[in-house]
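Read through the structure below, which is laid out as structure tokens, and then see the notes.
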Amino acid sequence: MRLQTQEGTGPAADSLLNGAESQYASKSTALPFGQHVSLSYVSGPTYLTAQTLVQQVAYALSDKLFAYSPESFDLDVAAKAWRAAQEKNSNGDVTGVQSLDTRHGAGNIALGYMFSPDFDLSKRHVPQTIIANTGMLQHLRPALDQLSLLYDVANPTALQVAAVDYAAETRAGLVTDYCSPMSMAEELGMGLVSSKSAFEVQHMSLLSTLLASVLPTMHAYDGITVGRETTRIVDVLNVTSLKRTYDSVLSAFKDDLSSKRLTNEGKLQKLMLAFNGELGTEYKCFEYHGHASPTAVLVVFGTVEASLSSQVAEALAGHGVKVGVINVRVYRPFAEEEFIEMLMPSVQQITVLGQVKDQASVADGSINSGAYADVMAAVNFQNLVAGKEPKVYDIKYARETVWTVAKMETLLGQLGQKSSDQTVKPNLRLTTGEMKQYSFWDVDSSETAGAPMMLAQLLSDDSSTNVSARSGHDNKVQGGALRTDLRCSQKSIEAAYSVKEADYSVVAEQKLLKDISILDSLKDEGTLLLKSPNWKEENVEKILNTSMRKSIAAKKLSLYVLDPAASSKVGEDPQLESYLLQLAFLKVARPDLYDSGLKKLAAAGDVLETLAKDLDAALKKIDVPESWLTLELEENQGLLPPEDLNVNSFTVPDKSEEEPPTYLRDWVTAAKGLTFKEAYGTRTALRPDLPNKTAIATVKEHRRLTPVTYDRNIFHIEFDLGDSGLKYEIGEALGIHAENDKEEVEEFIKWYGLNPEEIVEVPSREDANVLENRTVYQALIQNVDIFGRPPKRFYEALSHFADEEKEKTQLLMLGTGGNQESVVEFKRRAEVDTITFADVLLEFPSAHPSFHDIVRIVNPMKRREYSVASSQKVTPNSISLLIVTVNWVDPKGRDRFGQATRYLNNLPVGAPVTVSIKPSVMKLPPKTTQPIIMAGLGTGLAPFRAFVQERAWQREQGMPIGDVFLYMGARHQREEYLYGEEWEAFQDAGVITLIGHAFSRDQPQKIYIQDRMRQTLTDIRRAYLREDGAFYLCGPTWPVPDVTAVLEEAVEVESAAAGDKRKKEGHKEIERLKEEGRYVLEVY
């Protein structure tokens, strides 16, 4: 299956899809539609990204291209592809492309190349280009400093700089950075040019390369959004045209170039004159937009800032607001006279919108933005000459600021109001009525993640329509959220901001509805298309909360649901889900293109025809009832606005955890590492393979709480923390780093034929580059979960080692679920036979992987976590657990045990144990006077022992405490009255207010904790609802619905008794209490 496109509308489609089993995959967001293009493709009217155009100019005109691109930024992705394809530059040579590390000392290679003794002096006039992001400038500075000093004998050097940097201290992650190049241009005497949009980025890249003939020059352009947006650019110069323009302009002002009489500002003016004359353009160092007689102007620098402010200023001017914008296209050299010419006689106030590093710099009055001093100097010069001096102000903003239409409208509107009596019309619309806007929301792991870009390319086939497409990744939402905005218009599209009024929004991952206010970015009477597998009408309230349903009704939105599970073809091949979504979008949003879209999405066979038939069942229009409009909003339903999807990545994060190979070594290798630690990087650590902070504790007490004759072994175990310094809080869990049974390990080593003393080198879990040395015996005791339950992938991995074809096939079927029989068989093995990794290795003797392969394919041992049953305020140097041993007999009559509980049960007093702490949601309420209501079954009582100890300690310190209710459930009081004497003692002391025993099998009728709770409903209503109590349930999951039902009943009874005009719904109130941390479950 492949996407067919017309020539000249997008990248060659042959590279997109190849066969029905393939999936569209974006190569890079820096490329047009995410796909590679040849150098010859970059010509005439076509779809490109600004980032591709920057690389085209650099590759076409340079002898060498030195690229410093952080991983995933892909600033040189196109140039590297052209180099690999041996594409020729304008001089008939293959440009040298060197991708270099981003580190201190960067730039020395470029400097060394130009000044090396064997440099070809006949190429001294040929430009050299450095491609980097602004975060690299600090590392390039020493080399650029030297270059500036030696520039008279150096090659013309241009820096194409993407204004983007990582800022870990900000919520955004990625920030737009112009203050770095501005300060460097000022300090090193370099030129600095900026592009206002993708339409002029090629020309500005060319201009900066020409200006490099005068002084080393940077071209800064947006590196987050505009720089990566695919859009149609009409007048793209090909390599030949670039060379001709470059030579012509250079020739036109070559006499001025060597002039000692002209300053750099004068040479810039001559260059601009020749540049405009050759291209037929009207570029200026400063560009004005807005009212013809403004009383206030805003001075801006930067791509998004210039594009957005100029559009907003023009729109405000149409409403009579006397405000304007001066876009600084060439910041250095700063042509003061030309800046003064931009100031209308009516201007009374000049405001510089200047970027600074962070919010602290914004608040610091001693710090000014970069352009402020230049504007002040120019205004002072004007005052001396003309005797008039407008007031100059500096409005600073941090790099993390994301400019939107609303923000810019507010700023310019305020400036206009300050200097005039005009009333600013709110909520400007910069888009034309004929423009169609579409937003797609998905997660990057979805089969449909590539669908929007495929649709964009399909829409671009219409030569009468302009299409723009932009994607942004937010790796902090749902493990990787993806937003793609598409715009279609008969006119050129310049929109340096996210879609705010989409005609259609497609939500391909319904979980995103809870994380982002997607509906806020939909226009009134727009359409929402929601992908929801296994859709059921009764689930609409679960997927769409009250505020969403009310918003859908209030905005009069059309609602469609796409259920991919209703397509048999998608069931056979999940990759086809992307095409099903595209067909659904075309049918709903662009019915005029549906039939032609089917042809353009040409298929091998009848796949798409079948999908089109499936679409009738999969796509449903949902009626929006009028009752949604009158829904009453619940509290605490605030969501993030759409712009809070922060672009913090340019690519899908690598979620695979590929482990390096493990090797067997001898004692000599280990001895060298231990003897010469510095040379071998050896360090001594406690369980270094584990990411948690671990400590050693020793068994202080081991006490069985149930009778020896009882079938359940529940025991109390207490550890002495010694001098470990381990600290824990109420409700936290203790991680036990258990070990495998020694006898079973020795038996496995014997029959598998391993040498227990051989050294195995395994990667550390903290750092895959750090390898740890252990014996085979130690690895099986502490690292390898050889007696754990194998997942499907283990069977599949083991099949590759099988020599016998029958065993290979059986393992592969079990691992892949090749047929229904193998699915049933795997389930039986896992749930009935409780097969272990070791059992499988014994069962299939022809599959005999080496030990380093065993370490690779068998799961590592994980810590087991148990709720802490003590308060450190009461027992400062010890910690307690309540454990039930897990044991059973398998169908073969073999005794089976839970690995961690058997390990703990076999520990003698004084035995050392590796432990660590894990935080938990089980926390006491903030006020000691707030009642606590605890319901625990079996060992679920553990955290409540800690709670009660803490309350007792608080009381001893003179603090007032609230009521303490304890509901405990077990089978028999005689055998399972866990900590019974302690509970009664605490009750006698007045710490526990109420104990509700629920021993289910001590009487003819079953009694459970929910029954005891219902018997004391009046007490629960008082403590929980009137006195702001907190409820906790710990133990197995089965009582959750019944226990919750009691609490909901308490809510409704209390509401009725209080005479509430609006009766509270139990389940909604419990949800609210859950959000407040007053309904806490820790169940398993």
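The values are calculated or read from the model by the stated rules, or taken from the named source; none is laboratory data. Keep in mind that what you see is a predicted model, and the values were worked out from it rather than measured. Every residue, glycine as well, gets a Cβ built from its backbone with ideal geometry; the counts of neighbours run over all protein chains shown. Protein only, heavy atoms only, side chains kept; ligands, DNA and RNA dropped before computing areas. Shrake-Rupley method; radii C 1.70, N 1.55, O 1.52, S 1.80 Å.
Quick check for you: with a 1.4 Å probe and neighbouring chains kept, what is the accessible area per residue of the chain, in Å²? List each step's numbers first, then the result.
Working: 47010 Å² over 1084 residues.
About 43 Å² of surface per residue is accessible.
What size of dipole, in debye to the nearest 20, comes out for the chain about its Cα centre when the only charges are +1 on Lys and Arg C-beta atoms and -1 on Asp and Glu C-beta atoms?
Details: 115 positive and 148 negative charges, 253 e Å.
That gives the chain a dipole magnitude of about 1220 debye.
Based on Cα coordinates alone, diagonalise the gyration tensor for region 32-279, multiply each eigenvalue by 5, take square roots, and list the semi-axes in whole Å, largest first.
Values: eigenvalues 118, 98, 69 Å².
In descending order, the three semi-axes are 24, 22, 19 Å.
Counting only protein heavy atoms and using a 1.4 Å probe, what share of the accessible area of the chain belongs to carbon plus sulfur, as a whole percent? Mind showing how you got there, number by number?
On the way: 23030 of 47010 Å².
Here carbon and sulfur together make up 49 percent of the probe-accessible area.
How much accessible surface area, in Å² rounded to 10, belongs to the heavy atoms of H36 with a 1.4 Å probe?
The accessible area of H36 comes to roughly 80 Å².
Can you sort F897, F794 by 1.4 Å-probe accessible area, starting with the largest? Provide the component values of the computation, followed by the final result.
Numbers: F897 95, F794 0 Å².
Order by accessible area, largest first: F897, F794.
So what's the convex hull volume per residue for the Cα atoms of the chain, in Å³? Write down the numbers at each step before the final one.
On the way: hull volume 260.8 nm³, N = 1084.
So the per-residue Cα hull volume is 241 Å³.
Between helix 805-816 and the chain, what is the angle of the helix's C-alpha long axis to the longest principal axis, kept within 0 to 90° and rounded to the nearest 10?
Compared with the principal axis, the helix lies near 80 degrees.
Give me the percent relative contact order of the chain, please, defined on Cα pairs under 8 angstrom at least 6 residues apart. Please list the in-between numbers first.
Numbers: 2122 pairs, mean separation 80.6, N = 1084.
For the chain, the relative contact order is 7 percent.
Taking every eigenvalue of the Cα gyration tensor of region 783-881, multiplying by 5 and rooting it, what semi-axes result, largest first, whole Å?
Details: eigenvalues 276, 53, 17 Å².
For region 783-881, the semi-axes come out at 37, 16, 9 Å.
Can you work out the Karplus-derived ³J(HN,Hα) for every residue in region 60-74? Use 6.51 cos²θ - 1.76 cosθ + 1.60 with θ = phi - 60°, whole Hz, and x for glycine or proline.
5, 9, 9, 7, 10, 10, 9, 10, 10, 10, x, 4, 6, 6, 6
For region 502-601, with only Lys/Arg (+1) and Asp/Glu (-1) charged at the beta-carbon, what is the dipole magnitude about the Cα centre, in debye rounded to 20?
Working: 15 positive and 15 negative charges, 32 e Å.
That gives a dipole near 160 debye.
Based on DSSP, what percent of beta bridges with both residues in the chain are antiparallel, to the nearest 5?
Details: 78 of 156 bridges.
Just about 50 percent of them are antiparallel.
Sequence gap at least 6, Cα distance under 8 Å: using those rules, report the relative contact order of region 739-862 to the nearest whole percent.
Details: 152 pairs, mean separation 33.7, N = 124.
Reported as a whole number, the value is 27 percent.
Taking only DSSP H segments of four or more residues, each worth -39500 (n - 2.57), what value at 222 nm results for the chain once the sum is divided by all its residues, to the nearest 500 deg cm²/dmol? Each step should come with its number before you reach the end.
Details: 38 runs with 365 residues, N = 1084.
Counting only the DSSP helices, I get -9500 deg cm²/dmol.
What does the charge dipole of region 739-862 about its Cα centre add up to, to the nearest 20 debye, if the Cβ of each Lys and Arg holds +1 and the Cβ of each Asp and Glu holds -1?
Values: 14 positive and 25 negative charges, 93 e Å.
That gives region 739-862 a dipole magnitude of about 440 debye.
For M435, M959, give me the order by solvent-accessible area with a 1.4 Å probe, most accessible first, ignoring ligands, DNA and RNA. All intermediate terms of the calculation are to be shown ahead of the outcome.
Values: M435 20, M959 70 Å².
Putting M435, M959 in descending order of accessible area: M959, M435.
Normalise the Cα radius of gyration of region 150-290 by 2.2 N^0.38 Å (N = residues in it) and let me know the number. Don't skip to the end; give the middle numbers.
Details: Rg = 16.2 Å, N = 141, 2.2 N^0.38 = 14.4 Å.
In units of the 2.2 N^0.38 Å rule of thumb, it is 1.12.
Enter the angle in degrees (range 0 to 90, nearest 10) between the Cα long axis of helix 1066-1075 and the first principal axis of the Cα atoms of the chain, meaning the one along which they spread out most.
Tilt relative to the chain: about 70 degrees.
If I fit a long axis through the Cα atoms of helix 179-188 and take the longest principal axis of the Cα atoms of the chain, what angle between them do I get, 0 to 90°, rounded to 10?
50
Note down the accessible area of D1002, probe 1.4 Å, to the nearest 10 Å².
80
Sort V193, V477 from largest to smallest accessible area, using a 1.4 Å probe on the heavy atoms of the protein chains.
Details: V193 0, V477 20 Å².
If we order V193, V477 from most to least accessible, we get V477, V193.
For the charge dipole of region 197-335, defined by +1 on Lys and Arg C-beta atoms and -1 on Asp and Glu C-beta atoms about the Cα centroid, which residue among S213, G280, I233 has the Cα displaced farthest towards the positive pole?
Result: S213, furthest along the dipole toward the positive end.
Antiparallel as a % of all DSSP beta bridges within region 436-644, to the nearest 5? Please report the intermediate quantities before stating the final value.
Working: 21 of 36 bridges.
Of those bridges, close to 60 percent are antiparallel.
For region 436-644, what is one quarter of the convex hull surface built on the Cα atoms, given in nm²? Walk me through the numbers before you get to the answer.
Values: hull surface 47.1 nm².
In nm², the orientation-averaged hull projection of region 436-644 is 11.8.
Assuming a ≥ b ≥ c are the square roots of the Cα gyration tensor eigenvalues, decide whether region 85-189 counts as rounded (a/c under 1.5), prolate (otherwise, with a/b larger than b/c) or oblate. Before the final figure, lay out each step's value.
Details: a/c = 2.30, a/b = 1.57, b/c = 1.46.
In terms of gyration-tensor shape, prolate.
What shape does region 932-1083 take by its C-alpha gyration tensor, where a ≥ b ≥ c are the square roots of the eigenvalues and a/c under 1.5 counts as rounded, a/b above b/c as prolate, and the rest as oblate?
The shape class here is oblate.
Rounded if a/c is under 1.5, else prolate if a/b is larger than b/c, else oblate: which is region 800-851, with a ≥ b ≥ c the root eigenvalues of its Cα gyration tensor?
Numbers: a/c = 2.57, a/b = 1.30, b/c = 1.98.
Oblate, because a/c is 1.5 or more while a/b does not exceed b/c.
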